[in-house]
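Before any comments, here is the structure.
The values are calculated or read from the model by the stated rules, or taken from the named source; none is laboratory data. None of the values given here were measured: they were computed from a predicted structure. In this analysis, Cβ positions are derived from the backbone assuming ideal geometry, glycine residues included, and neighbour counts consider all displayed protein chains.
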Amino acid sequence: MDQPTPAPKNRSNALLLLLVVLLLISNVVLLYMWSQKGDQATAAQQQVLAVTDEKENVTKLLEDMLSQYDTLSTDNEKLKTEMSAQQQQIESLMEKVKNGNYSLSKAKKEAETLRRIMQNYVVTIDSLNQVNQALTAENLTTKQELGEVKGQKAALETQGAEKDAVIARGSVLRSTVMTANGIFERSSGKQIDTERANKATQVKCCFTLGENLTAKPGNKTLYVRVISPDGSVLPAEETNNRFRFNGVEGEFSAKRDADYQNMPLDMCIYWKATSKMTSGQYIVEVYESGGQVGTTSFNLK
């Protein structure tokens, strides 16, 4: 007589094996999910650290600029006012960064612009100090020569030279009013003021030459330097665009001749863009006979 097959025991073994397989699969899935969550947490932590480092770098840059401004010293009241305004902008931007309610990328760009402006002030003040030192040395030399010179004729000649120098300094032209802004020129030729960098095709600088009875009347050449947000001088259309100013040689962006007859004279000088203009603050300087007529600035968004 045949023995019966132990079917229930075989089914139990099969179920147990299936359970073991399922447990192994679930453990593998849980381990994978845990690993993924750990990677996400690590990535999030690294991102937070990167943002924190960037925030600290921008804050440090702004703090360093404020410290450097504290070391700048000048007797020029206009420069003092402009530098004070720049310091306030730096402090305002630093407060926004510290509060965490401002775009770090935007803050970094603005900080770089403020740093370039500060560097321009450093160069300007250094140039003024060099001029003052030269004038001081020249004044000392003149006094020594006066002490060594004997006789009324030599004394009168020295006095005449000093008088000529005073007249020369007094003959430098100055502007009473100066403005500058971006210009968008339509196809019809009509010009419209604009504050948008992507639309600006020209820079217009308008000013009034003040009355100066000491200056020699006649044709005067006015030079304009347009300094971009990155600190470079925007190039002129002509290739030979170098001139002397403040005792040094540099580039100009545009120039114009004017018939000056010692009376107030209104005029405008235009610079045409050769490429797309960038956003930020532009500094405009005007010179005549090597002396600065005036300076102003404007912003493009």
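Taking segment 202-228, which residues are surrounded by fewer than 17 Cβ atoms within 10 Å (Cβ to Cβ) and closer than 21 Å to Glu251 by Cβ?
Thr221, the sole residue that qualifies.
What is the number of the single condition among (1) over 17 Å from the mean Cα position of the chain (by Cα); (2) over 11 Å from Ala180 (Cβ atoms); (3) of a type outside the set (A, V, I, L, M) that Thr278 does not meet?
Every listed condition holds for Thr278 apart from (1).
Would you check if there is a residue in segment 80-94 being under 19 Å from Gly280 (Cα atoms) and within 12 Å of the chain's Cα centre (by Cα)?
yes
Could you go through segment 101-112 and let me know if any residue there is more than 16 Å from Pro229 (Cα to Cα), surrounded by 11 or more Cβ atoms within 10 Å (Cβ to Cβ), touching a helix residue (DSSP H, G or I) at 6+ places or on another chain (Cβ under 6 Å) and not β-branched (Val, Ile, Thr).
Looking for residues that are more than 16 Å from Pro229 (Cα to Cα), surrounded by 11 or more Cβ atoms within 10 Å (Cβ to Cβ), touching a helix residue (DSSP H, G or I) at 6+ places or on another chain (Cβ under 6 Å) and not β-branched (Val, Ile, Thr), one finds at least one in segment 101-112, hence yes.
Here is a yes/no grid of residues against (1) of a type in the set (A, V, I, L, M, F, W, C); (2) at pLDDT 75 or above; (3) not assigned by TED's automatic domain parsing to the domain that holds Thr221:
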{"position": "Ile125", "(1), (2), (3)": "yes, yes, yes"}
{"position": "Val131", "(1), (2), (3)": "yes, no, yes"}
{"position": "Asn139", "(1), (2), (3)": "no, no, yes"}
{"position": "Glu162", "(1), (2), (3)": "no, no, yes"}
{"position": "Met178", "(1), (2), (3)": "yes, yes, no"}
{"position": "Gly182", "(1), (2), (3)": "no, yes, no"}
{"position": "Glu185", "(1), (2), (3)": "no, yes, no"}
{"position": "Ser188", "(1), (2), (3)": "no, yes, no"}
{"position": "Ala197", "(1), (2), (3)": "yes, yes, no"}
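Mind checking which pairs have a first residue in segment 45-64 that is assigned by TED's automatic domain parsing to the domain that holds Gln87 and at pLDDT 75 or above and a second that is of a type in the set (Lys, Arg) and assigned to a helix (DSSP H, G or I), Cβ under 7 Å, 6 or more apart or different chains?
Val58/Lys108; Thr59/Lys98; Leu61/Arg115
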